[in-house]
Amino acid sequence: MQPHTPPAAPPPRTYSATLKESRRITPPASREEVRHLVFHTGDLSFDPQLGNLIRVMAPGQFGNRSHARLYSIMDLERRGNATEFAICVRRCSYIDDFNGEEYKGIASNYLCDLRPDEGINFAGPVGYPFVIPEDKSADILMLAMGTGIAPFRTLIRQIYEKIGGWQGRVRLFYGAKSPLEMLYMNDENNDLANYFDQPTFKAFQAVSPRPAFDAPVAMDQALAQNAAEVWEMLKRPDTRVFIAGTENMLPVIDKAMGELAGSSREWASVHAALVSSKRWSEVVY
């Protein structure tokens, strides 16, 4: 008997949307350009939730029809026969390993260069990995780097505006090269300040000690300065840990957690328990 082969999954549904607003959220003096983009679509079959991801199809290069990148949906509002949603985009460039030349990131520059009333094609929504626990007394520990703050801004808004009455501790550790690059926590845009008066919420900044020399962001120092509380939260059976940002933050976090635990073996045991109980979630790029 031939083994049963399940049918192939259908290709993701694609949609179109029009740019309504493109707003820089890093100060003009910052070397980093990050933009808050608001889009409008009249396709009622597009039914996302806050925090879902969409796959933006930028025009391709070198014979490729398109170039896809995932972005987290932040603000979301349905108005009559239309839906408006926002994403956060950092203008990127990269160095070619072969010739050493610098090239513009395809998707990020395409999106940052869009003008109002210009359109995009995208697919989705894709599932949201950071699920808010039903128990309002649960602790939530968020570790973000760069544009990884985007889903956490959404999560914090849901906790305090949609759910309300949150009793557990909500702690955000957010890393950037300098205070100018602290998205939604800088002089240009300080949305997260709206929640600083919430008794269960605290945010901690982790910046590079020497940003001009590309010194690493001091996420480990921020965690060490709050070691007692962080370790207590990690040991609680209902704590959720959410991580979002660049992939190079993972070994830094792993080393810092080992120091909090007193040994890498003890941290490995706690980390395994968090993963096996599905209380550890990460999205890195």
* Asked: Among the candidates F98, F62, F39, which residue alone is within 30 Å of K162 (Cα to Cα), hydrophobic (A, V, I, L, M, F, W, C) and outside the structural domain of Q158 (by TED's automatic domain parsing)?
  -> F39
* **Members of segment 104-116 that are in contact with a strand residue (DSSP E or B) (Cβ under 6 Å, 6 or more places away or on another chain) and exposed (fewer than 15 other Cβ atoms within 10 Å of the Cβ)** => K104, P116
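Going by the structure shown, is R265 among the basic types (K, R), modelled with pLDDT under 90 and out of contact with any Ser or Thr (no Cβ under 6 Å at 6 or more places or on another chain)?
When the stated conditions are applied, R265 does not pass them.
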* V131 vs. criteria of a type in the set (V, I, T), closer than 22 Å to Y160 by Cα and surrounded by fewer than 20 Cβ atoms within 10 Å (Cβ to Cβ) -> yes
* To do: Output the residues belonging to segment 145-192 that are modelled with pLDDT of 90 or more, hydrophobic (A, V, I, L, M, F, W, C) and not in a helix (DSSP H, G or I).
  => W166, V170, L172, F173
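Mind listing just one residue for me: the one in segment 144-168 that is touching a Leu at 6+ places or on another chain (Cβ under 8 Å) and either of a type in the set (S, T, Y) or closer than 23 Å to A256 by Cα (or both) and, of those, surrounded by the most Cβ atoms within 10 Å (Cβ to Cβ)?
Narrowing segment 144-168 to residues touching a Leu at 6+ places or on another chain (Cβ under 8 Å): 144, 146-147, 149-150, 152-154, 156-158.
Restricting the remaining residues to those that are either of a type in the set (S, T, Y) or closer than 23 Å to A256 by Cα (or both) gives 144, 146-147, 149, 152, 154.
Values: A144: 25, G146: 23, T147: 23, I149: 29, F152: 26, T154: 23.
Taking the candidates together, the pick is I149.
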* Given the residues L234, L250, which is the only one that is touching a Leu at 6+ places or on another chain (Cβ under 9 Å) and either of a type in the set (D, E, K, R) or modelled with pLDDT of 90 or more (or both)? -> L234
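If I go through segment 241-252 residue by residue, how many of them are surrounded by 14 or more Cβ atoms within 10 Å (Cβ to Cβ) and more than 16 Å from the chain's Cα centre (by Cα)? Lay out the reasoning, then the answer.
Restricting attention to segment 241-252, the residues satisfying the condition of being surrounded by 14 or more Cβ atoms within 10 Å (Cβ to Cβ) are 241-246, 249-250, 252.
Applying the additional criterion that residues be more than 16 Å from the chain's Cα centre (by Cα) yields 252.
Within segment 241-252, residues that are surrounded by 14 or more Cβ atoms within 10 Å (Cβ to Cβ) and more than 16 Å from the chain's Cα centre (by Cα) number 1.
Please go through segment 145-161 and give me each residue that is in contact (Cβ under 8 Å) with a residue 60 or more places away in the chain, within 23 Å of A218 (Cβ to Cβ) and among the aliphatic types (A, V, I, L, M), ordered by number. Show your work before the answer.
Step one: filter segment 145-161 for residues in contact (Cβ under 8 Å) with a residue 60 or more places away in the chain, giving 145-155, 157-158.
After this cut, where a residue has to be within 23 Å of A218 (Cβ to Cβ) as well, the list is 145-153.
Correct list: M145, I149, A150.
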* **Within segment 69-103, considering residues that are among the hydrophobic types (A, V, I, L, M, F, W, C) and crowded, with 17+ Cβ neighbours inside 10 Å, the one farthest from R157 (Cα to Cα)** => C92
* What is the one condition in (1) at pLDDT 90 or above; (2) surrounded by 13 or more Cβ atoms within 10 Å (Cβ to Cβ); (3) not small (G, A, S) that V207 does not satisfy? -> (1)
* Asked: If R65 passes every condition in (1) modelled with pLDDT under 80; (2) of a type outside the set (A, V, I, L, M, F, W, C); (3) exposed (fewer than 15 other Cβ atoms within 10 Å of the Cβ) but one, which one does it miss?
  -> (1)
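The values are calculated or read from the model by the stated rules, or taken from the named source; none is laboratory data. As the structure is a prediction and not an experimental result, all values here were calculated from the model. Cβ sites come from the backbone with ideal geometry, for glycine too, and all protein chains shown count toward neighbours.
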